[in-house]
Amino acid sequence: MKLSYYINLILELENATKLNEEQSFNIDGFDTAILILDDIQDQSKIRDGKPCFYIINGVEKAKEEAKILQQNAFKELNSICDKRKIGFIGKVRARILLNTLHSAIKKGQNIDSVLEHSLTIKTSFIQRYDYMIKLFTGGHIKYSFLLGFLFLKNNPSYKKTVISIGEKIGIIRQIFDDINDYKK
């Protein structure tokens, strides 16, 4: 699931106008950019049953595409804030949320790389794995939910609970995906 899906869950929860198709597509470019770069880092060959973007277009073109997609996601974020009359401080908060998610994902990817290339198994790796999936997949839903609440311009009493649940859903989803990968 992409950022817009989780943002729209919050907007729908509050009976607010959801992101339209174009807004969703542009915001989701953030996720696509992350995956393009992750495939390069992991030297993956296949993404969703097709050759990875960098395999078809080359590494430099893939990096350029990822940069454009990320820039468009941030532009769309500003546009959404303008349309929803979020204001300057709201725009700054939105950018900080997306930048924080980006940092968390990069940190999670680095941990993943270390764990993946380790030749031994240690119990401390479980803690690293837990931290990685909290940053990466848990953070993905957490920050999407935070953006959804920001777009609402209100602060319901249950916001922290919903965000915590979202983070836990991301963690569970990642564990489930990893178990399926392990079975294969």
What angle, in degrees between 0 and 90 and rounded to the nearest 10, separates the Cα long axis of helix 3-13 from the longest principal axis of the Cα atoms of the chain? 40 degrees
Mind listing the long-range amide H neighbours of Lys2? Cut-off is under 5 Å, sequence gap 5 or more, other chains count too, H placed in the peptide plane at 1.01 Å from N. none
Ordering Lys63, Lys91 by how much accessible area each has at a 1.4 Å probe, largest first, what is the list? Lys63, Lys91
Under the 7 Å Cα-to-Cβ spin-label approximation, Gln41 and Tyr158 lie apart by a distance in nanometres of 3.5 nm
Table column - 3J(HN,Hα) (Hz), region 153-170, Karplus curve with 6.51, -1.76, 1.60, x for Gly and Pro: 6, 9, 10, x, 4, 8, 4, 4, 5, 5, 5, 5, 4, x, 4, 5, 4, x
Given a 1.4 Å probe and heavy atoms of the protein chains only, how would you sort Phe136, Phe149, Phe88, largest accessible area at the top? Phe88, Phe136, Phe149
The chain - accessible surface per residue (Å², probe 1.4 Å): 61 Å²
All-pairs alpha carbon distance profile, region 55-172, 5 Å steps from 0, percent: 2, 11, 15, 17, 17, 15, 11, 7, 3, 1, 0
For Met1, solvent-accessible area (1.4 Å; no DNA, RNA or ligand), Å²: 130 Å²
Evaluate E = 1/(1 + (r/R0)^6) for Asn57 and Ile89, where r is the Cβ-Cβ distance and R0 equals 30 Å; express this FRET efficiency to the nearest 0.05. 0.15
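The values are calculated or read from the model by the stated rules, or taken from the named source; none is laboratory data. The model shown is predicted, which means the values in this text are computed figures rather than measured ones. Positions of Cβ are generated from backbone atoms using ideal geometry, with glycine treated the same way; all protein chains shown enter the neighbour counts. The protein model used for the area step is the full one, side chains on, heavy atoms only, and it has no ligands, DNA or RNA in it. Shrake-Rupley method; radii C 1.70, N 1.55, O 1.52, S 1.80 Å.
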